Amino acid sequence: MRLRIDCAYDGADFSGWAAQPGRRTVQGTLESALATALRVPEVRVTVAGRTDAGVHARGQVAHVDVEPDVVAASAGRSTDPPLDALARRVDGILPADLRVRRVVEAPDGFDARFSATWRRYAYRIADARELADPLVRGHVLTWGRRLDLDAMNEASAPLVGLQDFASFCKQREGATTVRTLLDLAWHRDDASLAVGTVRADAFCHNMVRSLVGCLIAVGEGRRPTTWPAEVMAGRRRDQGVRVVHPHGLTLEEVGYPDDDELAAQAGRARARREAIDA
């Protein structure tokens, strides 16, 4: 059976999602806890989106394939449904900076990575002295100058759509930098923090943090509102674009189609990935 796992984590002390020898990662920590809870030698999870070192998540999604009798046996004498018992057991093993929010049997055709249609991130900035809160300093960027969110929204609008984000990505050999940016907008939340919300079909390495750094330059008046679009048109990394710190960034949600479209979406996404890698 395939299990969908919804989880959240504070990325401060993780070297990103992806397992790496000798490093503490979200994937490695979660897989170890799952293997212990299921009483199996090892498990391998597939994730919706790999987050970089220091980036947080509230709405990360992963899946794991496991035999039904293994799940049933792992519940032991618990009177709870087996998957509820599994989630509770895993949470009891995990450290406090990684939590499993739910474990459910995935619908037919579900793939945490390839069935996803979009990922939504938020970047939070305290751009005034009175907004700096030591209690949330690990999740909010402190910025010394007030930002003009109207200017940042004006500069963001031309970046939305199917475009080549090479100017905002750390490129990898043979990997495409073409992405569909569905939303990019700025607002102030109830605490008056500047919050940038960005949603896309997928993201390349450093893309969101580079976009935010570029738009901050507009927001504080150092660059005109036309500059981000000019950087985009250059299709190469611009030394004037600052990649902001990861701790202000949080993966908030992953979107999926209706259950009857999951397999078709996964097929399309997998075919695109295979064509890119070919």
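Each value in this text was obtained by applying a stated rule to the coordinates, not by laboratory testing. If you're wondering where the values come from, they're calculated on a predicted model, not measured in any experiment. Note: ideal-geometry Cβ built from the backbone for every residue, glycine included; neighbour counts use all protein chains shown.
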Legend entry - Cα long-axis angle, helix 207-219 against the chain (0 to 90 degrees, to the nearest 10): 30 degrees
Legend entry - Given [x] 29, 24, 20; [y] 36, 22, 16; [z] 32, 21, 20, the label whose value is semi-axes √(5λ) of the Cα gyration tensor in Å derived from this model: [y]
Legend entry - Assigned charges on the beta-carbon of Lys, Arg, Asp, Glu; the chain dipole about Cα centre (debye): 900 debye
Inset, instruction - Can you find, among 55, 76, 8, the residue farthest towards the positive end of the dipole of the range 1-136? Put +1 on the C-beta of Lys and Arg, -1 on that of Asp and Glu. - result: 55
Inset, instruction - Please go through the range 169-231 and write out the trypsin sites (Lys or Arg not before Pro) that DSSP classes as loop and that have at most 13 other C-beta atoms within 10 Å. - result: 172, 222
Legend entry - Mean Cα-pair separation over length for the range 2-105, i.e. relative contact order, pairs under 8 Å, 6 or more apart, %: 40 percent
Legend entry - 0 to 90° range, to nearest 10: angle between helix 262-277 axis and the chain longest Cα axis: 60 degrees
Inset, instruction - Could you calculate the contour length gain from residue 245 to residue 44, that is, 0.36 nm times the residue separation minus the distance between their Cα atoms, to one decimal place in nm? - result: 69.4 nm
Legend entry - Ratio Rg/Rh [Cα only; Rh per Kirkwood] for the range 118-254: 0.95
Inset, instruction - May I ask you to list the GluC sites (Glu not before Pro) in the range 125-218 that are in a DSSP loop and have at most 11 other Cβ atoms within 10 Å of their Cβ? - result: 173
Inset, instruction - For residue 178, list long-range residues whose amide hydrogen, built 1.01 Å from N in the peptide plane, is under 5 Å from its own amide hydrogen. - result: 165
Inset, instruction - Counting only C-alpha contacts under 8 Å and six or more residues apart, can you give the relative contact order of the chain as a whole percent? - result: 23 percent
Inset, instruction - Using the 2.2 N^0.38 Å rule of thumb for compact globular proteins, work out how the range 32-184 stacks up: its C-alpha Rg over that value, please. - result: 1.38
Legend entry - Relative contact order computed over the range 118-254 (Cα-Cα under 8 Å; 6+ residues apart), in percent: 37 percent
Inset, instruction - Using just the helices of the chain, give the 222 nm mean residue ellipticity in deg cm²/dmol: DSSP H runs with n ≥ 4 each add -39,500 (n - 2.57), and the total is spread over all residues, rounded to 500. - result: -8500 deg cm²/dmol
Legend entry - All-pairs alpha carbon distance profile, the range 1-105, 5 Å steps from 0, percent: 2, 13, 26, 27, 17, 9, 4, 1
Legend entry - Estimated dipole of the range 151-250 in Debye, rounded to 20 [Cβ of Lys and Arg +1, of Asp and Glu -1, Cα centre]: 360 debye
Legend entry - Spin-label proximity, residue 146 to the range 106-140 - amide N less than 16 Å from point 7 Å beyond Cα toward beta carbon: 126-132
Legend entry - Furthest towards positive pole of dipole, 159, 144, 169, structure part the range 118-254, Cβ charges: 169
Inset, instruction - For helix 26-38, report the angle its Cα long axis makes with the longest principal axis of the Cα atoms of the chain; keep it between 0 and 90° and round to the nearest 10°. - result: 10 degrees
Legend entry - Cα shape, the range 98-166, gyration tensor, a/c 1.5 rule: oblate
